[in-house]
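Derivation of every value follows stated rules applied to the coordinates shown; laboratory data play no part. Remember, it's a predicted structure, so these values are computed and weren't measured experimentally. Note that we place each Cβ from the backbone using ideal geometry, even for glycine, and neighbour counts take in every protein chain shown.
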Amino acid sequence: MNRNTNSTEVTITRHSAVVDLEAGEYQVNATAGNKTETQIVTIEEGGKHNLVLNLR
């Protein structure tokens with residue numbers, strides 16, 4: 001990404017997880033088997049963001 005973004009790498013090996021992040025913009029790359037999905041998400045201060053990715 002070429003914008004001002006935060007960089008945090010997290011590996012999750014189960015179907016769901018809670019990840020605490022500082023406010024900012026993040027690129028989310030999710031891979032399961034041979035499928036990958038990428039999304040840009042913005043986390044606002046004091047907010048909660050639910051992200052659902054379908055990798056079936």
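Here are several values of percent of Cα pairs over 15 Å apart: [x] 73; [y] 51; [z] 46. Which one was derived from the coordinates shown?
Answer by label: [y].
Quick query: amide H of residue 53 versus all other amide H atoms, modeled in the peptide plane; which residues come in under 5 Å with a sequence gap of 5 or more or a different chain?
HN-HN under 5 Å from residue 53: empty list.
What does the charge count near residue 19 come to, summing +1 for each Lys or Arg and -1 for each Asp or Glu among other residues with Cβ under 13 Å from its Cβ?
Spelling it out: positives minus negatives among the neighbours equals -1.
What list of ³J(HN,Hα) values in whole Hz, one per residue of the range 23-32 in order, does the Karplus curve 6.51 cos²θ - 1.76 cosθ + 1.60 (θ = phi - 60°) give from phi, with Gly and Pro shown as x?
4, x, 10, 10, 9, 10, 10, 10, 10, 9
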